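Take a look at the structure set out below.
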Amino acid sequence: MEFATVVRQRRMVRNFTGEPVEPAVVDRALAHALRAPSAGFSQGWAFLVLDDRADVERFWRATAAVGDGPERAPNRWLEGMRRAPVLVVALSCKAAYVERYAQPDKGRTTRIEDRLAAPYWHIDTGMAALLILLTAVDEGLGGCFFGVPPERIDALRGEFGVPADHHPVGVVALGHPAPDLVRGSVASRPRRPLADVVHRGHWGGRGRGS
Ligand SMILES: Cc1cc2nc3c(=O)[nH]c(=O)nc-3n(C[C@H](O)[C@H](O)[C@H](O)COP(=O)(O)O)c2cc1C
């Protein structure tokens with residue numbers, strides 16, 4: 001598929017047919033994720049792949065507390081998302097950056113937070129997740145990146161043995177797209193125009209052609 005088409009067609013898909021996804025496609029998406037850039041080439045990311053129905057259900061039980069009282073009853077979002085046959089939990093590892101930035105070509109003694117303009121471990125993992133989403137579109141699949149509720153992160157760690165130095169930045173659900181059950185924010189909020197977000201030459205400088 002043309003790259004510009006992949007970019008334009010990408011949107012979060014929150015309902016799936018349940019039809020299985022070819023393992024080779026998941027492998028391609030993961031291989032693409034590893035092509036993401038990372039600060040200092042630290043590559044402080046990891047991906048917990050759940051592509052077996054029982055594992056996917058364990059994920060939802062741990063994180064969405066399915067059947068855990070009326071307030072946790074399955075909702076429309078969950079109904080669609082639970083049909084995704086594959087979940088890729090994207091985890092960032094700050095320790096990899098601390099170690100990398102202490103090496104001779106980078107080494108200084110200041111705290112890593114004082115050296116980096118932003119928490120690059122999360123950013124790099126997000127870039128990798130985007131490559132998974134774009135690969136899904138290229139393969140004719142749908143994907144949705146979503147966050148694990150903070151109060152459920154320990155349960156996720158416990159269920160799948162995720163080490164303490166790996167933080168689940170988000171999850172990419174993958175599958176064959178089905179019609180929406182819920183409207184994403186994009187349905188109720190306009191995409192911000194270029195002129196609002198681009199400041200050319202100086203803050204407040206107008207976009208090209210304006
Ligand atoms: C960091 C991040 C967290 C998100 N968390 C969720 C989420 O928890 N649940 C969800 O349904 N969508 C989530 N989204 C998807 C956004 O709602 C979506 O990207 C946005 O509305 C724009 O729509 P589009 O991606 O379809 O263009 C998340 C997106 C990002 C980048």
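For residues that are closer than 18 Å to T135 by Cβ and outside any strand (DSSP E or B), tally how many sit in segment 44-61.
So the count comes out to 1.
Filtering segment 170-210 down to residues that are open to solvent by less than 40 Å² (accessible area, probe 1.4 Å) and assigned to a strand (DSSP E or B), which residue is nearest to the ligand (Cβ to nearest atom)?
Of everything passing the filter in segment 170-210, G170 is nearest to the ligand (Cβ to nearest atom).
Quick one: what pairs do we get from segment 170-183, first residue polar (S, T, N, Q), second within 14 Å of the ligand (Cβ to nearest atom) and open to solvent by 60 Å² or more (accessible area, probe 1.4 Å), C-beta under 7 Å, 6+ apart or different chains?
Going by the 7 Å Cβ cut-off, there are no qualifying pairs.
Check A64, A39, A95, A29 and return the single one that is touching a Ser or Thr at 6+ places or on another chain (Cβ under 9 Å) and touching a residue at least 24 places away in the same chain (Cβ under 8 Å). I'd like the intermediate steps shown before the answer.
Details: A64 fails: touching a Ser or Thr at 6+ places or on another chain (Cβ under 9 Å); A39 fails: touching a Ser or Thr at 6+ places or on another chain (Cβ under 9 Å); A95 fails: touching a Ser or Thr at 6+ places or on another chain (Cβ under 9 Å).
When all the criteria are applied, what remains is A29.
Would you point out the residue of segment 141-158, among those that are hydrophobic (A, V, I, L, M, F, W, C) and more than 9 Å from the ligand (Cβ to nearest atom), that is least open to solvent (accessible area, probe 1.4 Å)?
L156
Just to check your reading of the model, which residue among A46, A62 is away from the ligand (no atom under 16 Å from the Cβ) and either among the aliphatic types (A, V, I, L, M) or within 18 Å of the chain's Cα centre (by Cα) (or both)? Spell out how you get there, then give the answer.
Working: A62 fails: away from the ligand (no atom under 16 Å from the Cβ).
Going through A46, A62 in turn, the sole match is A46.
Quick test of your reading of the structure: W121 fulfils all but one of (1) open to solvent by less than 80 Å² (accessible area, probe 1.4 Å); (2) part of a helix (DSSP H, G or I); (3) under 30 Å from R53 (Cβ atoms). Name the failing condition by number.
The failed condition is (3).
State yes or no: is A90 buried (at least 20 other Cβ atoms within 10 Å of the Cβ), part of a helix (DSSP H, G or I) and of a type in the set (A, V, I, L, M)?
no
Here is a list of conditions, (1) modelled with pLDDT of 95 or more; (2) in a helix (DSSP H, G or I); (3) open to solvent by 10 Å² or more (accessible area, probe 1.4 Å), and E113 meets all of them except one; can you say which number that is?
(1)
The values are calculated or read from the model by the stated rules, or taken from the named source; none is laboratory data. Note that the coordinates shown come from a computational prediction; the quantities given were computed from them, not determined experimentally. Cβ sites come from the backbone with ideal geometry, for glycine too, and all protein chains shown count toward neighbours. Accessible surface is based on the protein model in full, side chains and every heavy atom, while ligands, DNA and RNA are left aside. Shrake-Rupley method; radii C 1.70, N 1.55, O 1.52, S 1.80 Å.
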